[in-house]
Amino acid sequence: MPRFDVVGLGCCAWDYLAVVEEYPPIDTKTDTASFSEQGGGPTATALVTLARLGAKTLFVGKVGDDVRGRLIVEQLEAEGVDVTQVRIEKDKSSRLSFSIVERKTGKRTIVSAVGSVSPLAPEDLDRKTITSGRILHVDGHQMEAAIHAAKWAREADVKVILDAGSFRPGMEALVKLADYVVASETFALNFTSEGCVREAARKLFHEGQAAVVVTTGDKGGFCVSDGGEFAYPTFRVEVVDTTGAGDVFHGAFDYGILRGWDLEEVVRFSSAVAALKCRELGGRAGIPSLNQVRRFLTSA
C-alpha cells in the first residue's frame, strides 16, 4: 500500500498580501485595507488543499534557514502535510512573494523574490520516497529534480500530474511525462503557439495521456481526453482575492483523481474548491473542508 495519497515536489514560498481599493499608479503611496501573510507556492498550496480535504500528503522541497523558511515548514506541518523531505539549506534565504489585491475585482498582481536557496538536484531525491504516493504532483519548479522524479513515478505506475502554470525550460519533458496536464491559459497558448484555448488543449494532449485541462480563470476551462472533450464553467462567489486559486484547483483536481471520479466531476469539484478559496485573502486562508465543498455543491 502507498504511504501517501500525493507526493508533491516543487515550489513553496512565504506570501505577503495587501488589499487596496484600486491598483496604485507609479510613484504614489496608498494604504492597505487589510493585510495578511501566509504560506504559498503552487505545489505546497496544492498539498495543503489536499490535506484539508482529507488526503495524506508529503512535500519534497527546499527552504533556507531564515525566518520565512521556518514559517513555511511550520505552517505546512500544522496543516498536516508531511515535511520530513523538506531540505533546509544553511545561510540561504527562502522564496517570498508580495501580492497586491484590488478590492473591487479581487484580482492580484504578484512580485516574487526567489531567494538564494539552491535548486533540488536529482541526487537529493530518494526513489522510494518519490514513489511512495498514488500521485506525484509537480509544478515546473525544481525542474531537473522534477523530471527525474517523474521518470521514477512513471516506471512505478504512479500517476504524474503537472501543474503547468508558467512556461520554463524543461517543461516539454514534463508535459510528455505527465498523465494529466492541468495548464493555465497563458501556458497553453504560449507552449503550443495556438490562438485559442480549445486548439491549445488539443495540441497539448498526446497518446498515452489521461487528460489535458486548460484553465481560464473566471471563464472556466476546457478538457480533452480519450473520452472526448468539453468546456466547463466556474462558480460565482463574492470574490475577495484570487491569489492561489489555480494552486487550490490543482490540489482539488488531484483529490478527484484519487477518488476515481470521471473528468467532468473532477473539474466541477475543483472549480468549486477554487471558488470557495477566493472568498478570503490569501492562497490558503479560504481553502474549504470537504464538508464545506459538499454543502456548496448541493446548493449550487
Answer yes or no as to whether ARG52 is of a type in the set (D, E, K, R), modelled with pLDDT of 95 or more and closer than 19 Å to GLN38 by Cβ.
yes
Among the numbered criteria (1) surrounded by fewer than 17 Cβ atoms within 10 Å (Cβ to Cβ); (2) touching a strand residue (DSSP E or B) at 6+ places or on another chain (Cβ under 6 Å); (3) farther than 27 Å from HIS148 by Cβ, which one does ALA18 miss?
(1)
Filtered residues of the stretch 22-70 (kept if of a type in the set (Lys, Arg), surrounded by 22 or more Cβ atoms within 10 Å (Cβ to Cβ) and within 23 Å of LYS128 (Cα to Cα))
LYS62
Does at least one position in the stretch 98-114 carry a residue that is among the hydroxyl-bearing types (Ser, Thr, Tyr), within 19 Å of PRO169 (Cβ to Cβ) and at pLDDT 95 or above?
no
Please go through the stretch 208-247 and give me each residue that is in contact (Cβ under 8 Å) with a residue 40 or more places away in the chain and of a type in the set (Asp, Glu), ordered by number.
GLU238, ASP241, ASP247
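Quick grid of which residues meet (1) crowded, with 16+ Cβ neighbours inside 10 Å; (2) over 17 Å from the mean Cα position of the chain (by Cα); (3) of a type outside the set (Phe, Trp, Tyr); (4) in a loop (DSSP other than H, G, I, E, B):
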{"residue": "VAL212", "(1), (2), (3), (4)": "yes, no, yes, no"}
{"residue": "ASP241", "(1), (2), (3), (4)": "yes, no, yes, yes"}
{"residue": "VAL267", "(1), (2), (3), (4)": "yes, no, yes, no"}
{"residue": "ALA272", "(1), (2), (3), (4)": "yes, no, yes, no"}
{"residue": "ARG279", "(1), (2), (3), (4)": "no, yes, yes, yes"}
One residue from ASP126, ASP139 being under 14 Å from VAL7 (Cα atoms) and more than 15 Å from the chain's Cα centre (by Cα):
ASP126
Exactly one of (1) crowded, with 23+ Cβ neighbours inside 10 Å; (2) not in a loop (DSSP other than H, G, I, E, B) is unmet by ILE257. Its number?
(1)
Taking the stretch 102-130, which residues are touching a residue at least 60 places away in the same chain (Cβ under 8 Å), assigned to a loop (DSSP other than H, G, I, E, B) and not charged (D, E, K, R)?
THR105, GLY106, LEU120, LEU125
Which members of the stretch 152-177 meet the condition of being surrounded by fewer than 20 Cβ atoms within 10 Å (Cβ to Cβ) and small (Gly, Ala, Ser)?
ALA156, SER166, GLY170, ALA173
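The values are calculated or read from the model by the stated rules, or taken from the named source; none is laboratory data. Quick caveat, the model's predicted, so the values are computed rather than measured. Because the Cβ atoms are built from the backbone with ideal geometry, glycine has one as well, and the counts that use them run over all protein chains shown.
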